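The values are calculated or read from the model by the stated rules, or taken from the named source; none is laboratory data. None of these values were measured; they are calculated from a predicted model. Cβ atoms come from the backbone with ideal geometry, glycine included; neighbour counts cover every protein chain shown. Note: areas computed on protein heavy atoms with side chains; ligands, DNA, RNA excluded. Shrake-Rupley method; radii C 1.70, N 1.55, O 1.52, S 1.80 Å.
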Amino acid sequence: MPRPLRWFRGLLLGLLLLETAAAQTLHFAALGDSGTGDVGQRAIARQMEIQNEKQHWSFALMLGDNIYDRGSPQDFDRKFKSIYRNLRQAGVVFHATLGNHDMLDRNSRNGLAQVEDDDFGYVGHSDEYVFEAGPLVAGKVLARFICLDSPVWLGALQKDPKQLDPRMARLRAWLAESGRAHWNFLYMHHPMYSYTVSGGMALMTMRHGHGPEDALRAILEPEIKGKIDVVLGGHEHFYQKIRPQEGIHYFISGGGGKVRRGAVFRHPQVEFAAETLHFLDFELSSSELHYAAVSNRGAVIHSGVITRAD
């Protein structure tokens, strides 16, 4: 075969392989604590639009406190729909979870007004749901995503843990199906792991965070161990990537609209932390998860690759 033809054939084969690899990936975004309606949220939305032009996300996960300060339905347009209109018109579907601020207004009906609004993407109009995404690869769907309503779980743990029995039974049924997917994600508002400034240091520096929800971790981590690969949360208004715990990767992404200083940067269990407005960009294949935290100025503040442990 003449050299030009061999070169051209090689080029076509290379392009075909790239196209095949791209067809077996999933691109999506995540952001938390976004719903301020102010300049910070709009700056993040603009950077998300720029990133989506390159990545073509299938969806974006909202990690709670989607409508500040009280989840009022009258703010749905100004603090969510209008801000992300360009992304939604570009085909990005939003899937939200409830945060504590989303259910304070009486008209929010404990968050039900948001859950019933199709634009927020609560599957089946339920505050907790599961969905699958991505192509079938080697007989398995690429990813499954479980959404939990952490404010309800925390409220029940404080008052009457028996109230959680139906939710726990449903979660266990979802987790029993984890083998259907190459990757399994869980997302909710409150983080089970969070390393923040507290005590006397908080008073000295005027920096403080909420800290981890230990009670939630105690009840959930034994259930998700070996079945969930990645947990996404918000609530803290900063970025923090936790080193793997029980084989699970934890992200805190609460900088979608405003920043609250209080992250611990140097800790044996903290891989990286930043106090800045940001969102998360993910690219998923059957074997690898590429992630990047992108700031309101378009800078990648942290990135990495997680290899699936089979």
What residues of the range 210-226 lie in the reach of a label at Lys162, counting those whose backbone N is under 16 Å from a point 7 Å from the Cα along Cα→Cβ? none
Give me the extension gain from Glu53 to His267: residue separation times 0.36 nm, minus the current Cα-Cα distance, reported in nm with one decimal. 73.4 nm
Ala293: net charge of surrounding residues, Cβ under 15 Å, Lys/Arg +1, Asp/Glu -1, itself excluded? -4
First select every other residue whose beta carbon is under 9 angstrom from the beta carbon of Val152; then total the charges, Lys and Arg +1, Asp and Glu -1. -2
Everything considered on the Cα gyration tensor (a ≥ b ≥ c; rounded for a/c under 1.5, else prolate if a/b is larger than b/c, else oblate), the range 266-310 must be described as oblate
Sort the range 174-310 into rounded, prolate or oblate with this rule: let a ≥ b ≥ c be the square roots of the eigenvalues of the Cα gyration tensor; rounded if a/c is under 1.5, and if a/c is not under 1.5, prolate when a/b is larger than b/c, oblate otherwise. oblate
With axes computed from alpha carbons, what is the tilt in degrees of helix 165-175 against the longest principal axis of the chain, rounded to the nearest 10 within 0 to 90? 10
Specify the angular offset, from 0 to 90 degrees and rounded to the nearest 10, of the alpha carbon long axis of helix 39-55 from the longest principal axis of the alpha carbons in the chain. 20
Output the 0 to 90 degree angle, nearest 10, between the alpha-carbon long axis of helix 214-224 and the longest principal axis computed from the alpha carbons of the chain. 40
Can you find, among Leu171, Phe76, Met62, the residue farthest towards the positive end of the dipole of the chain? Put +1 on the C-beta of Lys and Arg, -1 on that of Asp and Glu. Met62
Given that just one value was derived from the coordinates, which of (i) 33, 57, 9, 1; (ii) 31, 56, 14; (iii) 30, 53, 17, 1 is P(r) over Cα pairs in 20 Å bins from 0, in percent? (i)
Which percent of the Cα-Cα distances in the range 84-229 go past 22 Å? 51
Computing the accessible area with a 1.4 Å probe over protein heavy atoms, can you report the carbon and sulfur percentage for the chain? 52
Mind giving me the FRET efficiency for Asp38 and Ser287? R0 is 51 Å, r the Cβ-Cβ distance, nearest 0.05 is fine. 0.80
Diffing the range 86-103: the Karplus 3J(HN,Hα) column from phi (6.51, -1.76, 1.60, θ = phi - 60°), in whole Hz with x for Gly and Pro, holds 5, 5, 5, 5, 7, x, 7, 8, 9, 10, 9, 10, 7, x, 4, 6, 7, 9
Below 19 Å, Cα to Cα, which lysines can Lys81 reach? Residues fewer than 8 away in the same chain don't count. Lys258
Rounded if a/c under 1.5, otherwise prolate or oblate - the range 52-140, Cα gyration tensor axes: oblate
Counting only heavy atoms of protein chains, what accessible area per residue, in Å², does the chain have with a probe of 1.4 Å? 45
For the chain, the charge dipole (Cβ of Lys, Arg +1; Cβ of Asp, Glu -1; about the Cα centre) points to a positive end, and the Cα of Gly111, Gly304, Gly247 closest to that extreme belongs to Gly304
Helix-only mean residue ellipticity at 222 nm for the chain, each DSSP H run of n ≥ 4 adding -39500 (n - 2.57), per residue, nearest 500: -8500 deg cm²/dmol
